[in-house]
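Values in this text are rule-based calculations from the coordinates and carry no lab data. This structure is a prediction, so every number in the text was calculated from the model and none was measured. Using ideal geometry, Cβ is built from the backbone for each residue, glycine included, and neighbour counts are taken over all protein chains shown.
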Amino acid sequence: MGKSKIWLASCFLLLIFLVGLLGCAPASSPKEGAQEEVVQEKGGEITPPAKIELKLAHFWPAAHAVETVLVPEWAKAIEEATDGQVIITSYPGETLLKAAEIYDGVVNSIADIGISCFAYTRGRFPLSEVFELPGIIYNNSKVAGKVAWEGIKELDPDEVKDTKLLMVFTTGPGNLMTKDPVRTLEDLQGMEIRATGLSAKTLEALGAIPVAMPQSDTYEALSKGVVKGNLAPNETLEGWRHAEVTDYLTITPFLYNTLFFATINLDTWNSLPPDLQSTIEEVTEKFYEDTAIGLWDSICESGLKFAVEETGMEIIYLSDEETARWMEKIQPIHNDFIADMDGKGLPGKEALDVVKRLADHYNEIYK
């Protein structure tokens, strides 16, 4: 064999030997590499999600059910559902914002969440006044709350789109609590009665003199004789101690219903991750059904009991004939509302039809 052939054969054998060595070498497994990275990630320090603290403003006193039941139970449910990530801090008794300033305070980020009355800023929510029109019967706060929340969702008014509404609930029917007895329309003539929103127009139609002020100012006004009565739900008799400064309660469920909003700043809401938004909405919907819409029924019952048993308040029931006289006086307010909404380019008649339809429906359910 020639030298060149020997050399080629040697190179070929060497190549085979090297290939064999490489084939026997352990290879790095992609799966094992991935596992190692996971272990390293688990071994590192994991930063928990940042807590989100939301300031909630409302006007009720610290001993009221809004501050002892509604807000703390709602806040607790949200905190638990978000694993402690969302914390709501309450500022009751107008400590952060005055009652009439709460909605705009949420719009302007002074508070993240606000709970107050639409009626405290008359004209700011024109279409929503339909839920407070007199002459519409609500059996209780559950009925009134269902009508208002479903009605707002159906009508979708622009007036509430500068915040994210979380829920709307109501007082349900309200009554006249006065220093002097009111048994007839004549007894009401010229009497100064505290009222807000559409209730002021209602009282004016009946011959009374409405005086606008929030509930937080009413006790002092009644005690000093600045006003001679209040048109409000029975819960104010105990929750605001108004039974201590009035002596008579005239039952007038066809005169009164007040809406409360619970709403959150739009930028704050949009800054929340979608999963937190969904959780808050789910928790709030359940809390609304379980607690919020029926809260005023419970505290109104307690307020009436307190007024009768603790202060000796006299309850006055209007006769059917007298009730008809009052209803006749307030009926034109419906036509005025429709005309006013027409002038603003808003669907007043449609809104009133929605309220009547929903009221009939839910009065059959919640009797």
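Take ILE315, project a point 7 Å from its Cα along the Cβ direction, then tell me which residues of the stretch 123-164 have their backbone nitrogen under 17 Å from it.
139-141
Within straight cross-link reach of LYS51, meaning Cα distance under 19 Å, which lysines are found once same-chain residues fewer than 8 apart are removed?
LYS76
Return the Cα extents of the stretch 302-352 along principal axes one, two and three, sorted largest first, each rounded to a whole Å.
Principal axes ranked by extent give 50, 27, 13 Å for the Cα atoms.
Between (i) 81, 44, 37; (ii) 139, 44, 37; (iii) 83, 61, 45, which entry matches Cα extents along the principal axes in Å as derived from the coordinates of this structure?
(ii)
Can you list the aspartates and glutamates whose alpha carbon is less than 14 Å from that of LYS224, not counting same-chain residues fewer than 8 positions off?
GLU192, GLU244
Over the stretch 52-365, what is the relative contact order in whole percent, taking alpha-carbon pairs under 8 Å and six or more residues apart? Kindly include the intermediate steps, with their values, before the conclusion.
On the way: 606 pairs, mean separation 77.9, N = 314.
Across the stretch 52-365, relative contact order equals 25 percent.
Helix-only mean residue ellipticity at 222 nm, the chain, DSSP H runs n ≥ 4 weighted -39,500 (n - 2.57), per residue, nearest 500. What is it?
Helices in the chain give a 222 nm mean residue ellipticity of -15000 deg cm²/dmol.
Looking at the chain as a GNM with Cα springs under 10 Å, which of GLY172, GLY312, GLY197 has the largest mean-square fluctuation?
GLY312
In which sequence would TRP269, TRP296 go, from the one with the fewest C-beta neighbours within 10 Å to the one with the most?
Fewest-to-most ranking of TRP269, TRP296: TRP269, TRP296.
Name the residue farthest towards the positive end of the dipole of the chain from the options LEU176, THR95, GLY225, assuming +1 on Cβ of Lys and Arg, -1 on Cβ of Asp and Glu, about the Cα centre.
THR95
Sorted from fewest to most neighbouring beta carbons within 10 Å, what does the list ILE113, ILE78, ILE338 look like?
Details: ILE113 27, ILE78 21, ILE338 18.
Ordered from fewest to most neighbouring Cβ atoms within 10 Å, ILE113, ILE78, ILE338 come out as ILE338, ILE78, ILE113.
Relative to the Cα centre, what is the charge dipole magnitude of the chain, using +1 at the beta carbon of each Lys and Arg, -1 at the beta carbon of each Asp and Glu, and rounding to the nearest 20 debye?
The dipole magnitude comes to about 1280 debye.
Based on alpha-carbon centroids, what's the gap between the stretch 308-367 and the stretch 96-155 in Å, whole number please?
The two parts, judged by their Cα centres, are 16 Å apart.
On a 20 Å Cα-Cα criterion, which of the cross-link pairs LYS164/LYS286; LYS153/LYS329; LYS201/LYS305 come out too long?
Over 20 Å Cα-Cα: LYS153/LYS329; LYS201/LYS305.
Test of understanding: ordering THR202, THR68 by Cβ neighbours within 10 Å, fewest first, what list do you get? Kindly include the intermediate steps, with their values, before the conclusion.
Values: THR202 26, THR68 14.
If I rank by nearby Cβ atoms, fewest first, I get THR68, THR202.
Given the Cα-Cα distance of LYS344 and ASP180 and 0.36 nm per residue of separation, how much length would full extension add, in nm?
Between LYS344 and ASP180, full extension yields 55.1 nm more.
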